[in-house]
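J.: I'd like to ask you about the structure that follows.
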Amino acid sequence: MTTEDCVWNLVIKKLTHEASEQELQELHNLLHQNPELDEAVKLMFKWWIPDVPNEMDNNSYFKFKQMLKRIRKAEATLQQQPSPDTAKVKEFNKPPDKVEKASFLKTAFRKLFKQKTHS
């Protein structure tokens, strides 16, 4: 493997955050010995790692974390606010009043009377 190939392999490892301290030191030494490669590698690092004020916004991991925070916040607000369906369930579970009981009994007697007359 040539020196240039070795340098580019170490550059790739550095850019993907897979290089060990020993490999980073080896890259530094090789670049110091080969100034023509040093300029090309610096240019590669400049292109690869942009000068963005807030790198966290461009990183998908941090975007994922932000999305999870928003989801958890939305879930928390939904749990605090009663939904219209729960209001209906509470209304359904309340004990019937006198009018509802009378209406139910009247309907039940009508159905029983119709069944008796048909059979």
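Every read-out reported here was derived from the displayed coordinates using simple, explicitly stated rules and does not represent laboratory data. Here the structure is a predicted model, which is why all the values come from computation and not from measurement. Positions of Cβ are generated from backbone atoms using ideal geometry, with glycine treated the same way; all protein chains shown enter the neighbour counts.
J.: What ranking do Lys14, Lys63 get, fewest neighbouring Cβ atoms within 10 angstrom at the top?
T.: Lys63, Lys14
J.: Also, quick follow-up: What is the ratio of the Cα radius of gyration of region 3-49 to 2.2 N^0.38 Å, with N the residue count, to two decimals?
T.: Normalised Rg, Cα atoms only: 1.02.
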